[in-house]
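For reference, the structure discussed in these notes is given below.
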Amino acid sequence: MDSPLEWLVVVVVGVLSAHVLQRLYCPYFWKDFSFLWKILRYGVRLELFKLRSSVVTVLDRFVQQAQRVPNKPFVIHEGRVHTYRDVDERSNRLANVFLETVHLKRGDCVALLMSNEPDFLCVWFGLAKVGCSVAFLNTNIKSRSLLHCLSCCGARTLIVGPDLVQCLDRVLMDQLQDNIEVWVMKSQSEDTHVHTLLDKVEASSDQPVPAELRASASLKQPILYIFTSGTTGLPKAAVVTHLQSLKAAGGFWAFGATGDDVIYIPLPLYHSAASLIGIGGTIELGATCVLKKKFSASQFWSDCRQHNVTVFQYIGELCRYLCNQPQTDKEKVHKVRMGVGNGLRSDVWREFLNRFGNIKMCEVYGSTEGNLCFMNHTGKIGTVGRSNFIYKYLFRYELVKYDMVKEEPEKDEYGFSKRVDKGETGLLLSKVSASSPFFGYAGSKQLTEKKLMRNVFVKGDAYFNTGDLMEEKDGFISFRDRVGDTFRWKGENVATTEVSETLGLVDFIEEVNVYGVEVPGHEGRVGMAAVIIKPGLTFDGKLMFQHVLRDLPAYARPLFIRLQEVMALTSTFKQQKFHLVHSGFNPTAISDSLFILDYPQEAYIPLTNVIYQSILAGERKL
């Protein structure tokens, strides 16, 4: 081959052959390479913070954006535009009030109970500007849980939104007034124990407080507490550090979003998805977000058209609601190009794309407190992320065999966990190390330790137990199920032990076993409780209804009740859930008496086959 032409032919053939082989055997090579390159660049930026001992926080980024693009819309809420400058100045006013009137100090923890509104962000940023950590409270929680949340994060100050003052009933206020100072975002209050903020804010200066109050030298400094339901009953305060918030803020950017995007946030801000990924991601990009007070399936696409939305956040349930809406001629008339979220079922995913157009759905897997995150940057339906040797090197995780009957990982003859075979479903564990720390929960080392598994493969190792069963196949990770005492319903985690403790307070109940069951056509699992009635007493459906209505948020109320004579136990004397979960709620297949929550009749009523069939047909609203 002396001729240059021959060499050129060889090179061209070689390049084409390599391209064909890559497409056949490594079809995601360039997508993976591009995505990992972005992740590595972002990781280097975080590592530089350690070397410089100075962290550019998400709040610092917001202040920078307010200086760079002061007149750009930051938040659009109920038709009103709030620019970066508007939110910056209002948070400055609040910061000055917090210092001069509320007398907060750097390092104090303040609890925040507010709905999705711009002032949620202004209060959050104002507190951060004076160096306070903030505890986001779920707006659905009842008084007992609320007191617990305040206690475990050490908050002595509670700030309440104007529309949530009614959550503070008289009994709760009597319990709060000795230890907790309550401030409400109103100008006037009839309750002398509740202080008002709005009148002070309007009279305050919008000049920034000293920047050193918010300065941080450590990525591991706790800045937020976000409450998550788990296996221990009452909500747990997951510690969120600068490291976690900065990682979450890079999510939209990693998926390819830019500062020109308009991001629709219909999820509650007290969850990490909306606050850390949604608001943090908007700030990182210098983009605009449309903040919805409460998700509405009927208004979703009209909102997207009105505000030229290009990216939206979702949970699987949200997409299912959209697919259940009547078809219209305009449902493909929009500028939405990407969705970012989690929990999207394959069948709903396909229907969503078929109904609403070629939208890239980017699944994110992770938990608020977890040290592992998967991101499906390829858009492959039914998966939560990629899995190859590079991912495993960067994010150290393992899938181990799990005994569903004993509800514990399987062990070998040496007492160590067994890795699953290729393509098998297993319990996902994430290695805890200096590069992937687990910060745990506020208020209890015992709760933190309970989420860890030690001596998993060798003596001395430690892994974070996700509680999720996953499958690794063909280079992708897919979610299969949850284990333990938590299930998910209507986008919220439900702790079965918390529900069990609440139901156990009913006079006629002797023992309770709460679990989640699948309902065809619905995301997650709905609550069901197997109960044993005390000797000599009977089940009272009206009394049970009143109890759950008063003491449990709507998503945590068991839809079904199953009366049992004996409670099945595992070999380790734990309540047996596996067979209960799989037997479901079919009244023709279960000999035990079954009841269903009925709001019109304000009682738990007998679950008949007619009602059961109406549930399967999707005719009965759950």
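Data overview
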{"quantity": "Paramagnetic reach from Lys220 (point 7 Å along Cα→Cβ, amide N under 11 Å) across segment 42-79", "calculated": "none"}
{"quantity": "Of Lys392/Lys422; Lys431/Lys459; Lys360/Lys431, pairs whose Cα-Cα distance is over 21 Å", "calculated": "Lys360/Lys431"}
{"quantity": "Candidate lysines for bridging to Lys534, where Cα separation is under 19 Å - those fewer than 8 sequence places away on the same chain excluded", "calculated": "Lys542"}
{"quantity": "Separation of alpha-carbon centers, segment 401-438 and segment 194-217, rounded to whole Å", "calculated": "48 Å"}
{"quantity": "Amide hydrogen neighbours beyond the local backbone of Leu269, cut-off 5 Å, H modeled", "calculated": "Asn116"}
{"quantity": "Farthest positive-ward along segment 388-533 dipole, Cα basis, beta-carbon charges - from Gly491, Leu503, Asn465", "calculated": "Asn465"}
{"quantity": "Kyte-Doolittle mean at least -1.0, axial Cα span of 30 Å or more - DSSP H helices of the chain", "calculated": "4-25, 29-52"}
{"quantity": "Sequence-distant lysines (8 or more away, or on other chains) whose Cα lies within less than 25 Å of Lys105", "calculated": "Lys129, Lys186, Lys200, Lys220, Lys236"}
{"quantity": "Inter-part distance where segment 249-276 and segment 280-356 are each reduced to a Cα centre, Å", "calculated": "13 Å"}
{"quantity": "In nm, spacing of pseudo-spin labels at Ser593 and Ala211 (7 Å Cα→C-beta vector)", "calculated": "6.9 nm"}
{"quantity": "Convex hull (Cα only) mean projected area of segment 355-420, reported in nm² to one decimal", "calculated": "7.3 nm²"}
{"quantity": "Distance in nm between pseudo-label sites at Arg45 and Lys105 (7 Å out along the Cβ direction from Cα)", "calculated": "3.5 nm"}
{"quantity": "Glu518/Val458 FRET efficiency (R0 35 Å; Cβ-Cβ; nearest 0.05)", "calculated": "0.40"}
{"quantity": "Where only C-alpha atoms are counted, convex hull volume of segment 195-311 per residue in Å³", "calculated": "197 Å³"}
{"quantity": "The chain - share of DSSP beta bridges that are antiparallel (%, nearest 5)", "calculated": "60 percent"}
{"quantity": "Charge sum, other residues only, whose C-beta stays under 11 Å from Ala155's C-beta, Lys/Arg counted +1 and Asp/Glu -1", "calculated": "-1"}
{"quantity": "Nonlocal amide H pairs with Phe476, under 5 Å, H built at 1.01 Å", "calculated": "Ser387"}
{"quantity": "Segment 398-452, accessible area per residue, ligands and nucleic acids excluded (1.4 Å, Å²)", "calculated": "56 Å²"}
{"quantity": "Cα-centred dipole magnitude for the chain, charges only on beta-carbon of K, R (+1) and D, E (-1), debye, nearest 20", "calculated": "1380 debye"}
{"quantity": "DSSP loop chymotrypsin sites (Phe, Trp or Tyr not before Pro) with at most 13 other Cβ within 10 Å excluded, longest remaining stretch of the chain", "calculated": "1-413"}
{"quantity": "Anchor Lys50: aspartates and glutamates whose Cα lies under 20 Å away (excluding residues fewer than 8 positions away in-chain)", "calculated": "Asp60, Glu212, Glu284"}
{"quantity": "Positive dipole terminus of the chain, leading residue within Trp183, Met375, Ala274 (C-beta point charges)", "calculated": "Met375"}
{"quantity": "For segment 484-535 and segment 55-121, distance of Cα centres in Å", "calculated": "39 Å"}
{"quantity": "Positive-end residue, segment 26-175 charge dipole about Cα centroid, Cβ charges, pick of Phe35, Leu168, Val56", "calculated": "Phe35"}
{"quantity": "Only Lys, Arg (+1) and Asp, Glu (-1) charged, at Cβ; segment 487-622 dipole about Cα centre in debye", "calculated": "260 debye"}
{"quantity": "Label-to-label distance, nm, for residues given as Leu198 and Leu563 (7 Å Cα→Cβ offset)", "calculated": "5.1 nm"}
{"quantity": "Cα gyration tensor, segment 456-498 - rounded (a/c under 1.5), prolate or oblate", "calculated": "oblate"}
{"quantity": "Rg over Rh [alpha-carbon atoms, Kirkwood Rh] for the chain", "calculated": "0.98"}
{"quantity": "Under-5 Å amide H pairs with Val110, H placed in peptide plane, nonlocal only", "calculated": "Ser133, Val134, Ala135"}
{"quantity": "Whether segment 409-452 is rounded, prolate or oblate, judged on the alpha carbon gyration tensor where a/c under 1.5 counts as rounded", "calculated": "prolate"}
{"quantity": "Kirkwood Rh and Cα Rg combined as Rg over Rh, evaluated for segment 553-622", "calculated": "1.00"}
{"quantity": "Segment 321-381: C-alpha gyration tensor shape, a/c 1.5 cut-off, then a/b vs b/c", "calculated": "prolate"}
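The values are calculated or read from the model by the stated rules, or taken from the named source; none is laboratory data. Because the structure is a prediction, the values reported are computed rather than measured. Cβ atoms come from the backbone with ideal geometry, glycine included; neighbour counts cover every protein chain shown. With ligands, DNA and RNA removed, areas are computed over all heavy atoms of the protein, side chains included. Shrake-Rupley method; radii C 1.70, N 1.55, O 1.52, S 1.80 Å.
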